[in-house]
Amino acid sequence: MRCIWRGYAMIKIALPKGRLGLKVYSLFEEAGYKFEGMTEKTRRLVFENEELEMMCFWVKPYDVPVYVERGTADIGACGKDILMERKPDIYELADLNAGQCTIAVAGKNDFSDDASRTLRIATEFPNITREYYRRKGRMADIIPLRGSVEIAPVLGLSDVIVDIVETGATLRENNLRVIETICSISARLVANKSSYQFKREEITQIMRRVTG
Ligand code: PRP
């Protein structure tokens with residue numbers, strides 16, 4: 001742990017724990033940025049490579065922009081969905097072309113919309129959802145949830161959901177279907193604004209190698 005606090009020059013990277021994080025980490029590894037133990041099934045969260053003068057840590061996907069915005073991480077990777085939802089004050093440097101999926105409105109297979117009624121929408125993305133229905137001029141009752149949103153229309157908590165669709169398997173297995181696609185998303189490389197100013201050379205090199 002000595003190394004973590006050693007120097008200002010060290011590049012600190014926040015990666016999202018989970019499926020997307022593993023895809024992104026493999027891009028870092030292929031680019032020559034390897035952190036011993038990073039993919040082992042342990043509870044450890046912080047890893048360093050003294051030779052590269054870099055450290056890397058796993059955080060909840062939704063928290064990546066918090067670490068980057070506050071400068072605890074110089075750079076990070078997170079889904080465009082999280083950037084759209086949180087609107088953090090950070091730089092979006094590059095599309096990592098990983099974790100491509102869509103944000104979509106989905107409902108039960110037999111769903112039919114009644115435009116005269118307020119639509120009840122369960123979602124992990126209340127801001128994206130509010131903005132989408134505001135633009136459509138549709139009355140929306142947004143029900144924020146923290147996961148497993150697919151069960152909301154099945155159990156009658158909501159009429160539809162706004163959620164991420166990758167393979168569509170989760171929707172199919174819960175007898176739901178896509179009604180409208182809101183946008184396409186993928187993983188993005190992000191940077192703290194002052195880190196990008198003061199460590200631009202190092203960050204640019206990482207960006208080139210990871211996206212190359
Ligand atoms: C996401 C999303 C869907 C699922 C879609 O959930 O919320 O549930 O992936 O993927 P699919 O189209 O390939 O089935 P995730 O696994 O990230 O967990 P969460 O439900 O906790 O958000």
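If the condition is being over 21 Å from the mean Cα position of the chain (by Cα) and hydrophobic (A, V, I, L, M, F, W, C), then the stretch 34-74 contributes 35, 52, 54.
Report yes if residue 112 is surrounded by fewer than 17 Cβ atoms within 10 Å (Cβ to Cβ) and in contact with a strand residue (DSSP E or B) (Cβ under 6 Å, 6 or more places away or on another chain), otherwise no.
Working: surrounded by fewer than 17 Cβ atoms within 10 Å (Cβ to Cβ): yes; in contact with a strand residue (DSSP E or B) (Cβ under 6 Å, 6 or more places away or on another chain): no.
In short, no.
Scanning the stretch 95-131 for residues that are within 13 Å of the ligand (Cβ to nearest atom), closer than 22 Å to residue 177 by Cβ and either in a loop (DSSP other than H, G, I, E, B) or touching a Ser or Thr at 6+ places or on another chain (Cβ under 7 Å) (or both) gives 100, 102, 104, 122, 123, 124, 125.
Consider the stretch 147-195 and keep the residues that are hydroxyl-bearing (Ser, Thr, Tyr) and surrounded by 19 or more Cβ atoms within 10 Å (Cβ to Cβ). The one that is farthest from the ligand (Cβ to nearest atom) is 195.
Computed from the coordinates by the stated procedures, all read-outs in this text should not be read as laboratory data. Just so you know, these numbers come straight off a predicted model, no measurement behind them. Virtual Cβ from ideal backbone geometry, glycine too; neighbours counted across all protein chains shown.
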